[in-house]
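All remarks here apply to the structure that follows.
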Amino acid sequence: ENDAGTVTQVKPQKKLKRPRLYRVLLHNDDYTTREFVVLVLRHIFHLDEQSAIRVMLHVHNNDVGVAGVFTREVAETKIEKVEAMAREQEFPLRLTMEPEEEEA
């Protein structure tokens, strides 16, 4: 049936807010090997070899570097995995996370 007299209103769709993103930061130390940092960047952060080396060298030369940008839960999980791997290898590798700047 066709109800020609029926008016339908479309509810305005709520805009979904994107989740806040966090930078996972690697911190340089004097004990963790460069090879281990590259391994972590490749296996946990899924960087290719060249990108992993580039990030590792940046951390080595600047004391800190960004391993990746993720939602809070993903960032926390990656940090936990890396810290567990580092403990197993007896490295003091430290990671932190900080919120990305929000776009205006």
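The values are calculated or read from the model by the stated rules, or taken from the named source; none is laboratory data. The structure displayed is predicted, hence computed values, not measured ones. Counting neighbours? That spans all protein chains shown, and the Cβs are built from the backbone with ideal geometry, glycine included. With ligands, DNA and RNA removed, areas are computed over all heavy atoms of the protein, side chains included. Shrake-Rupley method; radii C 1.70, N 1.55, O 1.52, S 1.80 Å.
Close amide-amide hydrogen proximity is noted between Ala67 and Val24, Leu25, Leu26, each under 5 Å apart and 5 or more residues distant or on a separate chain (H modeled in the peptide plane; Pro and chain starts excluded).
Over the residues of the chain, the helix contribution to mean residue ellipticity at 222 nm works out to -12500 deg cm²/dmol, using -39500 (n - 2.57) for each DSSP H run of at least 4. Calculate the FRET efficiency for Val10 and Thr71 from the Cβ-Cβ distance with a Förster distance of 41 Å, rounded to the nearest 0.05. Efficiency, rounded to the nearest 0.05: 0.85.
Equivalent ellipsoid of the chain: semi-axes from √(5λ) of the C-alpha gyration tensor, largest first, are 45, 14, 12 Å.
Per residue, the accessible area of the chain comes to 80 Å² when a 1.4 Å probe rolls over the protein heavy atoms.
Across all Cα atoms of region 27-82, the radius of gyration (one decimal) and Dmax (whole number) stand at 10.8, 30 Å.
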